Amino acid sequence: MQESIIPSSYKGIVLFTPGGDVIYAIDEHKQDRWHLQLCAALQELLGLPEPPHFLVPCFTATIDCWLDPRSQTRCQAAEMSPMVQRYQPLLNMLFYSLDLQWSVLPNPGPGCDPAVLMTYRSRFPELWQSHDLVVKLDDSLRRSRFPQAEPWLSSNPTPSSPQGYVFRLFVSGQSLVTEQVLQSLHQVLERSLQRPYTLKIVDVKKHPEIAELNQITATPTLVRIWPKPVKRVVGDLNSVGKILQDMTSAF
């Protein structure tokens, strides 16, 4: 998706899993997409026995964007559950805004107690696993750009890996520079690639084991995990277009 096709007025809804997967929708009519629909789509994506309605509102975020009729300026109101607060940089990237002011819901409800949520883990173990899913819900309620639900925790995908690209961006903590790199990279991938792709962001401070597994010695580092051979760019990621050309030249 290019930034230019983001409507000036829309409702955005997001649903996360405990494992960090995310599915979201942008509804310019503000009446056709709801979190329960995201639950149904997540059931289809991960092959769950039933829609995981218990994730609402514990793992949700919502944004309302409209034009002020007098000033014709864009106004935004964004809310998130405390359990997804750590994903704010990703949320900003999905909605192409580095300056979104998110309000954290003070009390999502007793159903969001960690002890209560853990009672669902044995029935929905897939939700506690990371499949590197970042899925936009399209009009047909089908998966769009990221059709595979595979655990990309290693650098060695199996022969059944998706016929597309798998990128992993390693960063160290959150910063304005990191968010700008994410936004630029996301826009270029959306505009330029003609194949499915997955872009996974890994904070080496939170996941040193994944950084070690991928032999990361400095940040930021962009790694093309798939297709082989593995390619990587370390350090300056400002020339996103040139980087993307290098990353896709052998496919």
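Derivation of every value follows stated rules applied to the coordinates shown; laboratory data play no part. Values in this document were obtained by computation on a predicted structure and should not be read as measured data.
For the reader, a short list of remarks on this structure follows.
- Cα-based equivalent ellipsoid of the range 18-102: semi-axis lengths in Å, sorted from largest, via gyration tensor: 26, 15, 10
- Pairs beyond 23 Å (Cα-Cα), from K11/K200; K200/K242; K200/K228; K136/K242: K11/K200; K136/K242
- Computed 3J(HN,Hα) for the range 116-127, one whole-Hz value per residue from the Karplus formula 6.51 cos²θ - 1.76 cosθ + 1.60 where θ = phi - 60°, is 5, 4, 5, 5, 8, 5, 5, 8, 10, x, 4, 6, glycine and proline marked x.
- Rg/Rh ratio calculated on Cα atoms of the range 183-227 (Kirkwood radius): 1.01
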